[in-house]
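Remarks on the structure that follows.
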Amino acid sequence: MKIANKNLFLIFLITTAIVLVPWIAMQFTTEVNWAFTDFLVAFILIFGTGVIINLTLRKIKNPKLRILLVSLVVFLLFLLWAELAVGVFNSPIAGN
């Protein structure tokens with residue numbers, strides 16, 4: 001298996017583990033109530049972020065630019081996650 005394929009498989013496994021956390025919590029409490037689409041969107045966001053970070057780390061050689069771009073990707077993930085979760089900016093994607 002090539003390194004890129006190994007990295008994608010590792011990103012897939014880590015993403016799956018992260019998305020399983022709320023599913024496990026749903027088994028023990030009613031305070032976590034996710035629908036299938038919530039799991040799907042979370043998986044796509046986290047997996048996509050992992051792939052973009054992996055691509056950035058492989059293609060960009062300048063360490064300062066790497067840090068800047070990875071930080072920007074993570075920041076954008078958090079902004080989008082917050083918007084989807086509670087509608088911080090009241091945009092149409094938040095369901096408002």
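For this structure, a couple of remarks:
- Meets criteria (without any contact (Cβ under 8 Å) to a residue 12 or more places away in the chain and surrounded by 13 or more Cβ atoms within 10 Å (Cβ to Cβ)) for residue 51: no
- Test: residue in segment 73-86 that is of a type in the set (Gly, Ala, Ser) and farther than 25 Å from residue 6 by Cα: yes
- One residue stands out among those in segment 76-96 that are surrounded by 14 or more Cβ atoms within 10 Å (Cβ to Cβ) and of a type outside the set (Gly, Ala, Ser): the one that is modelled with the highest pLDDT, which is 77.
- Looking only at residues in segment 15-34 that are part of a helix (DSSP H, G or I) and either of a type in the set (S, T, N, Q) or closer than 14 Å to residue 49 by Cα (or both), the one that is nearest to the chain's Cα centre (by Cα) is 15.
- Residues considered: 56, 37. Of these, the only one that is surrounded by fewer than 14 Cβ atoms within 10 Å (Cβ to Cβ), polar (S, T, N, Q), assigned to a helix (DSSP H, G or I) and over 12 Å from the mean Cα position of the chain (by Cα) is 37.
- The requirement of being surrounded by 15 or more Cβ atoms within 10 Å (Cβ to Cβ), at pLDDT 95 or above, hydrophobic (A, V, I, L, M, F, W, C) and not in a loop (DSSP other than H, G, I, E, B) is not satisfied by residue 12.
- Close pairs (8 angstrom Cβ cut-off, 6 or more residues apart or separate chains): hydrophobic (A, V, I, L, M, F, W, C) in segment 8-21, exposed (fewer than 14 other Cβ atoms within 10 Å of the Cβ) anywhere: 9/1
The values are calculated or read from the model by the stated rules, or taken from the named source; none is laboratory data. For clarity, every value in this text was computed on a predicted model and none was experimentally measured. We place every Cβ from the backbone using ideal geometry, glycine too, and count neighbours over all the protein chains shown.
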